[in-house]
Structure formats: structure tokens, C-alpha cells
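Visitor: Sharing a structure with you now.
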Amino acid sequence: MDERLKRLRAADRLSAPTVIQALLPTFVPLHGDRVLGDDAALTAGFGRTADQQALTVLGIDRGQNVNERRQKNGGALTVPGYRTALRVLAHTEKFRMPVVSLLNMPGADASPQSEEHGQSQAIADLIAAMGQLTVPNIVVFLGEGHSGGALGFANANRVIMLDDSLFNVASPEAVAAILHGQQTVSAAIDLLPMTAAALKQRGLVDVVIDHRAPDLVATLSTQIIDLLVPLLPVMPDALIAQREEKFQAFLEQWPLN
Amino acid sequence: MSHYPATGQWTTCRVCGRHVHARQWGTWRQCPYCQAWQRLTAKQRIDQLVDADSFEPLPVVARSQNQLAFPGYATKLAQATEKTGLTEAVVAGWATIQTWPVMLIVMDSHFMMGTLNTTVSRRIMAALKQARQRQVPVIMVTASGGARMQEGIYALVGMNLILAEMARLAAVPVPVISVLTDPTMGGVSASFAFKADVVLAEAGAKIGFAGPRVIQQTMPVDLPADFQSAASLYENGAVDAVIARPELRDQLGDILASYRFQGVSTHG
Ligand SMILES: [Zn+2]
């Protein structure tokens, strides 16, 4: 496997639960969508930072050992995961808590069950709800985030990426596949703008953090709060407009003719 | 069959593989052997749905190009244009259906499998915006394999932007009707396809997120014949009705007549 991908998918990769634990000394986990079930890949809940800032978190990780990876479906979120996230968003609007999403997930879950549960509608609902969220939201790419599922969480006011993380329409493997083996998976990573550096240069990403930073978790926590604080007084309509303007400006880089 | 003109009139049924003559397909483009519905071009779809000569296309607001220099994409775009006579995988315009004015958005799977890219997103957003401004009901006929990989993250963010436009549309009582046709997958089904007031599925259509091939690459599983079929979506409660192609126009007319939408009264 490509060295970069190996690092992102490694068992000891910095994971959402680790960041959440450091970020929120008091944390109330929320579980289940109340209809279909729970998704172990999602760590959701709310709590307070050391400085007493209330926060909602939505973390997705692949699991740190074989057993966890099985339970968490390798980080491929299922419909109960999206629906739980939607429930948590309703909760966060009630209490006016900003939202921080932390991602390391492959593309969508490819299974008959996810199809029967309405994966399409769940993803569409999450993208729409995140876009219309009346409190500030920030997404942090700790590893990979591909396809519509990651996009839902990334429909955010601010985007942070670790310098070696990836955000794309599909996994590098899927990009290589449409080229029928003419390019390796490693080459595919550089065929489309999916690295933190490429997306920062194009204005989609606000902050890039070195994954080798000596105290990465503390650095990350500080950066999240620094980005969040100026957003706290922003009115709901402006937060919604700001998200759309960000993605619209990104699209405008693509000329009309 | 010697009485059929010989050249350019025979096509292969995508489902049963038999050669079918243009006249055998008939008005509704149904295979005489296996009864499968052939995928329609945007033009065929529009002709089947709207009152004669009522379709007025919106001016083309964007054209596609290989902005990211993705290998082979420029050629694919040129071939798709050549094959379909379209400049992209969606056509939108004003029309009437049984005299009811509508904004009609029709995707065409013959253009790079109807994939969603920057241009398709822009055209859909423009159509939705104009429908909202003029207060005209929207009919979206989807046919797409999902987001267009060759445009990378730019194709993906179109989903955010279309849903933002749909949120504004949802805030006014302008009816939005979705018709999911074969295939409606990936980034289209996971963005605007189901975000309608009434969601219809055309009989025979396959609708889902991940296609059967992707699922079977991930896990060795036997998928039932009706997997992701319009009928199974109806059974699962995902769509309001399954409509056979010949009834679609009348069904849309009935829905429009039931809304009897005549614009929202505004004050000042
Ligand atoms: Zn046939």
C-alpha cells in the first residue's frame, strides 16, 4: 500500500476519541438514532472544555485493533451513524453549542443493509442539516474523508486538516480504478487536489497542522478553539450564508467557459 | 423483419442483449423481448412529459472543461458531446405539463453516465433559483451514476451548494416533484434526488447509493434480483409511488392539479 495511505490507516493514527478526551474534560456521550440502532464508528456527545466552552463533538474513527475495526466497520459510517449525528445536531441547536467533527473514514459503507436503510437519504439529510446549522461548526480531517458521508461533516464554517490527511470525492483506490490501472494508487493521490496542501492552496481548507507537531493533541485543541471563538457571536443566518459562500467561492475557481 | 429499414435502426437491449429495431421500441422505448425500459435521452424524456412545443430551455450558463487536467477527461467530454449532442448531462427549462407551468430539470445518463460535475451543479442551481423566483413548481428527473470523479472535490461540493439552494426553495410553498429514473445513484441520490415534496420512482429504475458491483467488491454477497429496484424502494417506504413510463405524464399532471399552485401571494 502507498506509504501515505498506510500512515492514515494505521492502528496508532491519532483518532477522534483521543482528541475528544483531551478537548472535553467533561463529556456526555450520546448513542443511537432511536430508530435503527447505534453506530460504533461514531463518537458523539457534548461537554465542556477546560475553559468551560460548551461543545458538541462528532468523531469518526476506524478503530485501533482488529476487534474495534470490526465493531466500527473500519470507520465506514452506516445509516444509524448518520441518523445519530442528525439527532445530535438537533440537540446542539437547542442548547446553542458549536459543533466539532473529527474524521478518519473511508468512503461510504458499501453493503446491502446500508442501501435498504436509505444511505442516500441519510447522507443528503446530514449535508443539508450541516449546511443549515444555526451554530458554528468546524471539521477536522485527522486522516481520510471521502465521498458524500465525509462531505456532510465537512459542510462547515471552518476546515482543519492534518498535513498528511486527504479529502476527496472518492478514495485514491477508486480514482485509480477509473483509470483502469494506467496510474498507481500513489499517483492517483496527486492527480486530483485531495491533499491538505492542495486544498489549502485552493482555499477550501483554513488551517493545516503538521501531524508531527510535538504535542499534536494540544496543538489541535488550541487551533479548534482559536477558530471557534470568533464564530461564536456570528448570527445564525450569517453562519449559514458563510458556509455557502465558502463553497461557492471554491466552485467559482472553475471557469464558466 | 426485412420490412424494417436496415441502417442505424437496430440497437441492443441493455438488459437482455437482443437486437431491437427502432419501431419495436415503440413510443415508450420498451424492449419487446424482456419488457425492460430503455434509458431515455433528455430529449426523449422531455418529449414524453411536456405539452407539445412547450419546452423552452434555459440559456446555458456553464460549459465543462478539464480544469484539473485529469487524464483522459477532455476526450471523454468530447466523446459525450459528440454522442449526445448535449453540452452536459442535464437539460433544464420551462415547460407546461397538462397546461401546468413547470421548471423541468432532466438528467441524461448517456452523457458520462449523467454524473454530477461543476457544470451540472451550476445548471441545476440556476434552474432551482429561477423556479423559486418565478414561483413555478419544479420537476426533477434524475439519471446519474453519482459525482464525476474527474472533477474531484469540485464535483462533490456541488452537492452542498445544490442542497443550500434547495433549502431556500423548501422555505416557500412551491411544489418540488422528483422522478427517479434509471440509474439514480451516488452523489445525486445522496443530495437532491430525494429532497422533494413528492418522490416518484420510474418502474424498472435502479436507485441507491453504492452500486451492486461496488458492494460485491467489498463483500461476497448474493444480491436479490430486485435489489435497489423502484419496487423494493417503495416497499421500504423510500418513495411515494412507482410509476410506469406511459403513466408518468398523467401522474405528474394529477399531482400538479392537486397542488393547484398559483404562486405565493406577496405583500409589498
Ligand atoms: Zn430486452
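Visitor: Here's a check for you: in segment B:4-51, which residue that is aliphatic (A, V, I, L, M) and more than 21 Å from B:M113 (Cα to Cα) is farthest from the ligand (Cβ to nearest atom)?
Guide: Result: B:V50.
Visitor: Still on this structure: Scan segment A:191-212 for residues that are assigned to a strand (DSSP E or B) and open to solvent by 40 Å² or more (accessible area, probe 1.4 Å) and jot them down.
Guide: Residue satisfying the conditions is A:V208 alone.
Visitor: Scanning segment A:1-33 for residues that are part of a strand (DSSP E or B) and among the aliphatic types (A, V, I, L, M), which turns out least open to solvent (accessible area, probe 1.4 Å)?
Guide: Among residues in segment A:1-33 that are part of a strand (DSSP E or B) and among the aliphatic types (A, V, I, L, M), the one least open to solvent (accessible area, probe 1.4 Å) is A:L30.
Visitor: Would it be correct to say that A:L36 is open to solvent by less than 20 Å² (accessible area, probe 1.4 Å) and either assigned to a loop (DSSP other than H, G, I, E, B) or touching a strand residue (DSSP E or B) at 6+ places or on another chain (Cβ under 6 Å) (or both)?
Guide: Spelling it out, it is not the case that A:L36 is open to solvent by less than 20 Å² (accessible area, probe 1.4 Å) and either assigned to a loop (DSSP other than H, G, I, E, B) or touching a strand residue (DSSP E or B) at 6+ places or on another chain (Cβ under 6 Å) (or both).
Visitor: Report the residue count in segment B:194-225 for those that are open to solvent by 70 Å² or more (accessible area, probe 1.4 Å) and at pLDDT 95 or above.
Guide: Counting residues in segment B:194-225 that are open to solvent by 70 Å² or more (accessible area, probe 1.4 Å) and at pLDDT 95 or above gives 2.
Visitor: When you scan segment A:49-151 for helices (runs of 4 or more DSSP H) that lie fully inside it, which ones turn up with 2 or more residues that are away from chain B (no Cβ under 14 Å)?
Guide: Because the criterion is at least 2 residues that are away from chain B (no Cβ under 14 Å), the helices (runs of 4 or more DSSP H) in segment A:49-151 that meet it are A:66-71, A:79-95.
Visitor: Failed condition for A:H91, given (1) farther than 13 Å from A:L36 by Cα; (2) surrounded by 24 or more Cβ atoms within 10 Å (Cβ to Cβ), with all others met?
Guide: Of (1) farther than 13 Å from A:L36 by Cα; (2) surrounded by 24 or more Cβ atoms within 10 Å (Cβ to Cβ), only one is false for A:H91: (2).
The values are calculated or read from the model by the stated rules, or taken from the named source; none is laboratory data. Just so you know, these numbers come straight off a predicted model, no measurement behind them. For neighbour counting, all protein chains shown are included, and Cβ atoms are generated from backbone atoms with ideal geometry for every residue, glycine included. SASA here: full protein model, heavy atoms, side chains in, ligands and nucleic acids out. Shrake-Rupley method; radii C 1.70, N 1.55, O 1.52, S 1.80 Å.
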